[in-house]
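Visitor: Right, I'll just put the structure down here and ask away after.
What follows is calculated from the coordinates using simple rules that are stated; it is not laboratory data. Bear in mind that the values here come from a model prediction, so they are computed numbers and not experimental data. Because the Cβ atoms are built from the backbone with ideal geometry, glycine has one as well, and the counts that use them run over all protein chains shown.
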Amino acid sequence: MSITIQVTNLQQGYGKNVVLRDINLTVKGGEIVGLIGPSGAGKTTLVSTIMGMLKPQKGTVTVLQQRMPNRKLLGKIGYMAQTDALYNSLTARENLKFFGAMQGLSVAELKKQIPYAAGIVNLNADLDKYVKNFSGGMKRRLSLAIALVSNPELLILDEPTVGIDPELRQQIWHELQHLAKVGKTILLTTHVMADAEQSDQLMMIRNGVAIAQGTPNQLIRNYQVTSVEEVFLKAGRQQDAHTHNG
Ligand SMILES: Nc1ncnc2c1ncn2[C@@H]1O[C@H](COP(=O)(O)OP(=O)(O)O)[C@@H](O)[C@H]1O
Ligand SMILES: [Mg+2]
């Protein structure tokens, strides 16, 4: 499989503040990679850098064989930001039309793709409602539908399952697994262990450092524990011990 995302020796931060240190990540085509870590760990900073919204302080990011930042690639990436960027005075359908058209979809494609994307997140019955009347969870679902509407080869989803109930979460995961099977690449962030367990590859981030990387099963074996959650806790304790010893 080809390499879709390559992050090499990345250091990233804001001004003089260093948030991420020495991050190396390879995401292959057709893979689902989960970035897992507590709030403030640096997950959003990493996906924003991969999207090209932040220029690396050190190191390089390559997406679909192009060095980032690169505006031309944005049309090929379905991006769901952690903070919903929706037009509240428009309906859900109008939002999907607007963002789909921005991604280059024709009227005919929009007609086919909008019900598909809305269906995955159970929003078909709400398509003609105004977003200002949506709950937080509905806005999250609409943001995910927008990321899916253009059928992009790469999906970058920042906390896609926040505020989404377990049943719909499963339905969404079912579709993400299907998309990966047909060759789409998916990078997502989460602090939910259930999401992490569904990923093909995991990168655990804590205090801006990758503390563990591998498939869920590899990690569970290597750390001699029985769950992804225990891997995270054990790797975290090892990081603390290392930091305190100097
Ligand atoms: N725009 C910003 N300016 C300055 N500091 C930021 C900015 N965004 C995030 N940070 C800081 O970077 C660190 C990592 O944040 P973030 O990447 O959002 O973590 P996560 O997504 O894992 O919760 C935090 O300490 C946060 O306060
Ligand atoms: Mg975040």
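Visitor: With unit charges on the beta carbons (Lys and Arg positive, Asp and Glu negative) and the dipole taken about the Cα centre of the chain, which residue among Gln82, Ala147, Val18 sits farthest to the positive side?
Guide: Going by the charge dipole, the pick is Val18.
Visitor: Strictly over 28 Å apart at the Cα level, which of Lys43/Lys72; Lys184/Lys234; Lys76/Lys111; Lys112/Lys132; Lys132/Lys184 would you flag in this model?
Guide: Working: Lys43/Lys72 24 Å; Lys184/Lys234 32 Å; Lys76/Lys111 19 Å; Lys112/Lys132 25 Å; Lys132/Lys184 32 Å.
Exceeds cut-off: Lys184/Lys234; Lys132/Lys184.
Visitor: Now a separate question. For region 74-91, take each phi angle, set θ = phi - 60°, evaluate the Karplus expression 6.51 cos²θ - 1.76 cosθ + 1.60, and give the result in whole Hz per residue in order, putting x for glycine and proline.
Guide: 4, x, 9, 10, x, 10, 10, 6, 5, 9, 4, 10, 10, 8, 5, 8, 10, 7
Visitor: Listed highest first by mean packing, meaning other Cβ atoms within 10 Å per residue, what order do 8-20, 182-194 come in? Walk me through the intermediate numbers first.
Guide: On the way: 8-20: 14.7, 182-194: 19.2.
Going by the mean number of other Cβ atoms within 10 Å, highest first, we get 182-194, 8-20.
Visitor: Next question, about the same structure. 222 nm [θ] for the chain, helices only, -39500 (n - 2.57) per DSSP H run of 4+, per residue, to 500? Let's see the in-between values first.
Guide: On the way: 8 runs with 94 residues, N = 246.
My calculation for the chain gives -12000 deg cm²/dmol from helical runs alone.
Visitor: If you average the C-alpha positions of region 58-80 and of region 89-140 separately, how far apart do those two centres end up, in angstrom?
Guide: 25
Visitor: Could you state, as a whole-number percent, how many of the C-alpha pairs of region 131-171 are farther apart than 17 Å? List each step's numbers first, then the result.
Guide: On the way: 266 of 820 pairs.
Cα-Cα pairs of region 131-171 separated by over 17 Å account for 32 percent.
Visitor: Give me D for region 3-244 in µm² s⁻¹, whole number, from Stokes-Einstein with Rh from the Kirkwood sum over alpha-carbon pairs, 4 °C and 1.567 mPa s.
Guide: Taking Rh from Cα pairs, D becomes 70 µm²/s.
Visitor: For region 37-175, go through all pairs of different Cα atoms, get the mean of 1/r, take its inverse, and jot down that Kirkwood value in Å. List each step's numbers first, then the result.
Guide: Working: mean 1/r = 0.0636 Å⁻¹.
After inverting the mean inverse Cα-Cα distance, the result is 15.7 Å.
Visitor: Roughly how tilted is helix 228-244, in degrees to the nearest 10 and between 0 and 90, from the longest Cα axis of the chain?
Guide: Computed tilt is about 50 degrees.
Visitor: In sequence order, what are the phi-derived ³J(HN,Hα) couplings for region 159-169 according to the Karplus relation 6.51 cos²θ - 1.76 cosθ + 1.60 with θ = phi - 60°, rounded to whole Hz, with x for glycine and proline?
Guide: Going residue by residue, I get 6, x, 9, 5, x, 10, 6, x, 5, 5, 4 Hz, with x marking Gly and Pro.
Visitor: Continuing with the same structure: Under the Kirkwood approximation for Rh and a Cα-based Rg, what ratio Rg/Rh is obtained for region 1-118? Don't jump to the answer; show the numbers that get you there.
Guide: Values: Rg = 16.4 Å, Rh = 16.1 Å.
Taking Rh as the inverse mean 1/r over Cα pairs, Rg/Rh reads 1.02.
Visitor: Can you tell me what percent of all Cα-Cα pairs in region 123-241 are more than 19 Å apart?
Guide: On the way: 3770 of 7021 pairs.
That tail contains 54 percent of the Cα-Cα pairs.
Visitor: Just to confirm the number: angle between the C-alpha axis of helix 92-102 and the first principal axis of the chain, 0 to 90 degrees, nearest 10?
Guide: 70
Visitor: Same structure again: Among DSSP beta bridges whose residues both lie in the chain, state the antiparallel percentage, nearest 5. Show your work: numbers first, answer last.
Guide: Details: 21 of 39 bridges.
In the chain, DSSP labels about 55 percent of beta bridges as antiparallel.
Visitor: Another one. Hey, rough spin-label estimate for Met193 and Glu153, points 7 angstrom out along Cα→Cβ, what's it come to in nanometres?
Guide: 3.7
Visitor: Among 85-96, 137-148, how do they line up by average Cβ neighbours within 10 Å per residue, starting with the highest? Kindly include the intermediate steps, with their values, before the conclusion.
Guide: Working: 85-96: 17.4, 137-148: 23.2.
Ranked from most to least packed, the peptides come out as 137-148, 85-96.
Visitor: Above 13 angstrom, tally the Cα pairs of region 82-146 and express them as a % of all pairs, no decimals. Mind dumping the intermediate values first?
Guide: On the way: 1166 of 2080 pairs.
For region 82-146, the share of Cα pairs beyond 13 Å comes to 56 percent.
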